[in-house]
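See structure below.
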């Protein structure tokens, strides 16, 4: 059974941003700024979407913006933890 993803879903939004970023290499046009904006808009609308934070960090790191990339990756890890109480963290640690 195929998974249906609507165009308004965070997964589709994330995939669109990454596809645009990867497409730039084949057309020799820089879509970096647009991709970063897309991912920032995605995580503003869906603050628990860890893939958006991860991909934002990946693109920022590729362009030497390491402190911003590390912050995005930290948030990506943080939002993946369903229970950040002491009990939840003790299970992870």
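No value in this document is a laboratory result; all are computed from the given coordinates. Model, not experiment: these values are computed from the prediction. No Cβ is skipped: glycine too gets one built from the backbone with ideal geometry, and neighbour counts run over all protein chains shown.
Listed peptides 35-41, 67-73, 19-25 appear in the order 35-41, 67-73, 19-25 once ranked by packing, highest mean of other Cβ atoms within 10 Å at the front. Shape analysis of segment 12-92 places it in the prolate category; the axes a ≥ b ≥ c from the Cα gyration tensor give an a/c of at least 1.5, with a/b above b/c.
Relative contact order, whole percent, for segment 12-92 stands at 22, derived from Cα pairs under 8 Å and 6 or more residues apart. Take the Cα of residue 19, step 7 Å toward its Cβ, do the same at residue 40, and the gap between the two points is 2.4 nm.
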